[in-house]
């Protein structure tokens, strides 16, 4: 009886947040062509801030999919550079799927304002940019894309997080695809590069890490608790609790 109740509780913890997210989600635009990709001002003006910058963003995906997941990307600017370089995985246009400068560094993602997950500037960042660009080049799924369970845009950014742990990247629980790992890498680093993760193709797994806390993944949906910055990590809704400022 206790086991049955526990299983029902776990199912409810997955289903209820997802149902709330679906019920409350309103797409930002009716069509791709009318959706805004205007800059948001979250990236410092390179003409004013001359130092090196790394930023990671996540925004709700377009249309009904936004009730379930976010799209993430990373931008870098070297010292005294006149512009940013943005890296996304984008499906349209076919392989290779890693795109460079698909949009402005801090642009709305087809009508949705992004959240800033990482904001690193100044001393030591130039060396991190070297590591980020090496991780972009080493991404192993540049010729493969699957919306679910991955590899997708969040798989790409999670690969960078694993490769550059000093970013302290904490992708939200609704970054579906972040947990995708091939069988050969079923046990390894968490997407933050801290702690450990066991994952079966992003369909079943667990994370125990200082950044993510404790998180379980079932069919690409993640549920967990952040201990360091107290909050729940819920499917669809993402983070609910104490604000997690960008690193």
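The values are calculated or read from the model by the stated rules, or taken from the named source; none is laboratory data. This structure is a prediction, so every number in the text was calculated from the model and none was measured. Methodologically, a virtual Cβ is constructed for each residue, glycine included, from the backbone with ideal geometry; neighbour enumeration extends over all protein chains shown.
Things to note:
- With respect to the conditions (1) closer than 21 Å to residue 152 by Cα; (2) not in a loop (DSSP other than H, G, I, E, B), residue 92 falls short on a single one, namely (2).
- Criterion (assigned to a strand (DSSP E or B), in contact (Cβ under 8 Å) with a residue 24 or more places away in the chain and at negative phi) met by exactly one of 43, 83, 47, 58: 58
- Of the numbered criteria (1) in contact with a helix residue (DSSP H, G or I) (Cβ under 9 Å, 6 or more places away or on another chain); (2) surrounded by 15 or more Cβ atoms within 10 Å (Cβ to Cβ); (3) within 19 Å of residue 128 (Cα to Cα), the one residue 89 fails is (3).
- Qualifying residue in the range 203-224 (condition: under 20 Å from residue 12 (Cβ atoms), part of a strand (DSSP E or B), in contact (Cβ under 8 Å) with a residue 40 or more places away in the chain and within 13 Å of the chain's Cα centre (by Cα)): yes
- Residues in the range 128-146 that are touching a helix residue (DSSP H, G or I) at 6+ places or on another chain (Cβ under 8 Å) and part of a loop (DSSP other than H, G, I, E, B) were compared, and the one that is surrounded by the fewest Cβ atoms within 10 Å (Cβ to Cβ) is 140.
- Answer residue from the range 117-127, given it is surrounded by 16 or more Cβ atoms within 10 Å (Cβ to Cβ) and under 13 Å from residue 56 (Cα atoms) and is nearest to the chain's Cα centre (by Cα) among those: 117
- Whether a residue is in a loop (DSSP other than H, G, I, E, B) and farther than 20 Å from residue 115 by Cβ was assessed, and residue 191 does not pass this test.
Residue-by-condition table, conditions (1) assigned to a helix (DSSP H, G or I); (2) buried (at least 24 other Cβ atoms within 10 Å of the Cβ); (3) more than 10 Å from the chain's Cα centre (by Cα):
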residue: 157; (1), (2), (3): yes, yes, no
residue: 160; (1), (2), (3): yes, yes, yes
residue: 166; (1), (2), (3): yes, no, yes
residue: 176; (1), (2), (3): no, yes, no
residue: 180; (1), (2), (3): no, yes, yes
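- Residues within the range 170-184 that are touching a helix residue (DSSP H, G or I) at 6+ places or on another chain (Cβ under 9 Å) and over 18 Å from residue 60 (Cα atoms), tallied: 2
- Of all the listed residues (99, 37), the sole one being over 13 Å from residue 119 (Cα atoms), free of Cβ contacts under 8 Å to residues at least 24 places away in the same chain and outside any helix (DSSP H, G or I) is 99.
- Residue 105 being crowded, with 21+ Cβ neighbours inside 10 Å, modelled with pLDDT under 95 and out of contact with any helix residue (DSSP H, G or I) (no Cβ under 6 Å at 6 or more places or on another chain): no
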